Amino acid sequence: MRQSVFALSVAAFALAVAAKAGEDAKGGPEGIRGVYTIVRGETEGKEVPKEHIEGSKVVITEKSIVGTDKSGKRVYVADYTLDRSKSPYRLKMKIAEGPEKGMTATGLIAREGKRVKLVYALPGGEAPTDFSTKAKGRQNYFILEPVKASPKESEKRDR
């Protein structure tokens with residue numbers, strides 16, 4: 001009987017570890033970290049023209065999100081935390097560089113296959129409840145696809 005209880009305990013622990021690993025692979029901090037290109041964008045209910053996002057990259061590390069334009073210039077830098085108790089994950093970002101430095105932005109982030117979806121409200125905006133934006137909501141939505149990181153991009157992530 002004790003062997004059965006022990007075996008069940010070990011099995012339960014193994015399943016819990018496997019579930020945690022699977023969660024990270026699907027979208028936890030391990031699953032969203034990487035270098036991405038923006039394939040689609042939306043601001044305040046309107047599609048962002050391709051020429052505005054073409055060549056832009058987003059680098060997500062364990063603690064920060066850095067957006068760069070096609071020339072490699074940083075246009076958005078924020079430190080973030082995730083609330084992983086909800087799906088999609090709730091995201092809270094503290095702007096680390098720029099005119100809104102120190103302010104916070106809230107949003108949602110999820111991984112779907114290889115893509116990452118990110119929607120957030122700028123400071124003073126309405127917190128998003130799904131992966132879309134509202135007119136005059138001060139919200140941005142991006143669909144990101146992974147790209148291979150060059151050594152130069154890896155250095156930028158470690159700022």
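The values are calculated or read from the model by the stated rules, or taken from the named source; none is laboratory data. Predicted, not measured: the structure shown is a model, and the values here were computed from it. Note that we place each Cβ from the backbone using ideal geometry, even for glycine, and neighbour counts take in every protein chain shown.
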ask   = What is the number of the single condition among (1) surrounded by fewer than 16 Cβ atoms within 10 Å (Cβ to Cβ); (2) among the β-branched types (Val, Ile, Thr); (3) closer than 17 Å to ARG33 by Cα that THR129 does not meet?
value = (3)
request  = Of the numbered conditions (1) under 24 Å from ARG115 (Cβ atoms); (2) at pLDDT below 95; (3) of a type in the set (Phe, Trp, Tyr), TYR80 fails exactly one; give the number of that condition.
outcome  = (2)
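Residue-wise test of (1) over 22 Å from ALA110 (Cβ atoms); (2) modelled with pLDDT of 80 or more.
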| residue | (1), (2) |
| --- | --- |
| GLN3 | yes, no |
| ALA25 | no, no |
| THR37 | no, yes |
| GLY41 | no, yes |
| VAL48 | no, yes |
| LYS63 | no, yes |
| GLY72 | yes, yes |
| TYR76 | no, yes |
